[in-house]
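What follows draws every value from the coordinates through simple rules; no lab data is involved. Not measured: the values here are computed from a predicted model. Reconstructed Cβ throughout: ideal geometry from the backbone, glycine too, with neighbour counts over all protein chains shown.
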Amino acid sequence: MGVALSRAAQWTTASAGAGTLEVTPLNESLLKEILRFVEQFDSRYPQEAGLVFKEPLQWETSLEPSDFKNEYDISGSTVKSHETDSDGRPLLQLSSSSVSVYSFSQLSKLVQLAKTKKLREVRACLEANRDPIAKILGPSFATVEGEDASVLRLLEKVTEDVSKETEVTMKLLLLIQQLDTQLLSNSLKQISREVRLSPDTVKNDVELLKCFCGEGEKRVLKSIEYTSEYEFSNGCRTPPWRQVHGEICYLIIEPCDTEPLYITCSTAGVYLNGGITLDGEEKDYERKSDVFKDLVTLLKNKSPHFAENINKQDFAVQEEPTSTQKTEHVESVDAEEQGQTRRSYELQEKNVLEKARQQRVQNKPGGRKKSEPSLKWKNLGSSISLRERGGQET
């Protein structure tokens, strides 16, 4: 659970570690695997299930006192398990909506009592306990240093302490690490099956969508702009510290019938962000919508005018690359670009942005003649046609 949660799970980018698990197919798959592990743990590994955690796993539960029946003492909004530790402390305690669990045995029973709310409980538990291993086995087993370090520390302890509790702790750690390995393996398989966006694909889509912006009756969008005019050697327009999250560029698209849409394009898809502006003053990178496979699909979902009119156009986009050409990740920027500080990046971007603004001023009435949308690309050949990634429209 520890390594998979930190490396494979997809979290929102809220600060201070308060992020939540995003609603994605990958996360849903992880949650179901963890639920299956926890639900069967008590019956499959009764000895390890009885080991008392160093600290309780605590979270806000959706369960009510009435959900607990046998094996629990219920008094008003308080619930305590009959099962206790050596000091007589209940291994499960519910007070109002807050629950504290001290063993896998009680975790198994809780998710079984949750019935149709099992996944919700697992999600809430993991979001409130970002590193559950540190609480289960103690802070010295936190996953930040990697799983191998935890095993080595425990092996050292086993050579010094041959008690029954240490032996059970060792078995429990190995079981958790087997789960982590399985979760990471399944995550890699799922990611490899997903169609990933590349900087070139996004750039082509943006350029073609610009053909439908303007003032005429046939327009389907008012405008589409990048928030940054600076493009790295790998095709990304996001700062290096955002590229590590797979982010390619940020767009501001103004439909004809809705407020402006602030969009993040990433290798995993496109989605609405919190409002990153042209000047880059608002750094709200957190996802504010579902993830869509491409810009056209997102715009169809958010703009009825776009959805109605885009199919009337001969909208052409680059054909989907073959399976051997799919881009699974965004290449890193070169060492010089990656090593630059935020201050130097922002200064460089400001200079490029100023040039772009001057260019836009020249394009206004009274400046150079403004180019009208052109459909010359329609003659590129009959082999280019409307392409919806995934085969069918969403």
Links exceeding 20 Å between C-alpha atoms in this model, out of LYS218/LYS300; LYS80/LYS109; LYS203/LYS288, come to LYS203/LYS288
When the charge dipole of region 171-250 is computed with +1 on Lys and Arg Cβ and -1 on Asp and Glu Cβ about the Cα centre, the Cα farthest towards its positive end, among GLN182, LEU197, GLY246, belongs to GLN182
The alpha-carbon center of region 247-271 and that of region 50-122 are separated, in whole Å, by 43
